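All of the numbers you see were taken from the coordinates with simple rules; none came from a lab. Model, not experiment: these values are computed from the prediction. Backbone-built Cβ (ideal geometry, glycine too); neighbour counts: all protein chains shown.
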Amino acid sequence: MKIARVLVVEDEPAIAELIGVNLRHHGMLAVLAGDGDAAQAHIDEVLPDVILLDWMLPGQSGIQLARRWRADARTKTTPILMLTARGDEPDKIAGLDAGADDYITKPFSTQELLARIRAVLRRRAPEQASDVVRVGGLQLDGATHRVSFNDQAIKLGPTEFKLLNYLMHHAERVHSRSQLLDRVWGDHVFIEERTVDVHVKRLREALGEAGVLVETVRGVGYRLTAPAVVKA
Ligand code: CA
């Protein structure tokens, strides 16, 4: 099994060292960076499997870095786990909106951190079908990761792609938030169901006109549905 390479971007040396020691102790390879520039230098050299990103950093903030790495072709599918000292909801949402896959609030236990890292690593595995699926003008190619609506290309983040991939392969069925966490995220033990809402919102925005195909089923969850007229 490949050893996971974890880039830890944290400016407090004591915390960074502690995380590094714990990750190494559990068979992962930890690379430490004190700010965005140092982190970028590591990324340019070897692409990490996961980035642990502190919110408050000297120079560019964790949010700015998450946005930058999401927009960069090299890092756009690399899972980012935000570390935040704040526990309030708007900050968590801002982190997810910036492209983070998950967040973890300080102080956290080593077990929780390891579980979250394993979860984001596993999330890359489920629903990796490489076929082409079409629903109501939407087309998704699992092999090339291309999505289009009525032949217009659509850009999606990695989580939104996986979510749409799952919904398209199981169209017309209603999925609860916890089912989606299980099937799309791969592990819902430590992730709040609210996370699903955030990614559904992002998916709808990215889909533009086709966003209406992603329906909210009140009190139950979400469903991808194609109007009968355009259904092939
Ligand atoms: Ca910090």
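Annotations
- The value obtained for the range 5-122, namely the Cα convex hull volume divided by the number of residues, is 91 Å³ per residue.
- The calculated Kirkwood hydrodynamic radius for the range 9-56 is 11.0 Å, given to one decimal from all distinct C-alpha pairs.
- Exposure proxy ranking, count of Cβ atoms within 10 Å, fewest first, for S178, S61: S178, S61
- Our estimate of slack between D37 and M56, defined as 0.36 nm per intervening residue step minus the Cα-Cα distance, is 5.4 nm.
- The stretch between V133 and K201, if pulled fully straight at 0.36 nm per residue, gains 22.3 nm over its current Cα-Cα span.
- For the chain: lysine pairs under 20 Å (alpha-carbon distance), excluding those fewer than 8 apart on one chain: 8
- Ranking of H25, H169 by count of other Cβ atoms within 10 Å, fewest first: H25, H169
- Fully extending the segment from H25 to L114 would add 30.9 nm, taking 0.36 nm per residue of separation and subtracting the current Cα-Cα distance.
- Computed from the C-alpha gyration tensor, the three semi-axes of the ellipsoid equivalent to the range 132-224 are 21, 14, 12 Å, from longest to shortest.
- Sorted largest first, the spans of the alpha carbon positions of the chain along the three principal axes are 60, 36, 35 Å.
- Rotationally averaged projected area of the range 143-187 (alpha carbon convex hull; nm²): 3.7 nm²
- A crude spin-label estimate for the pair T144 and I93, with each label 7 Å from Cα along the Cβ direction, gives 3.7 nm.
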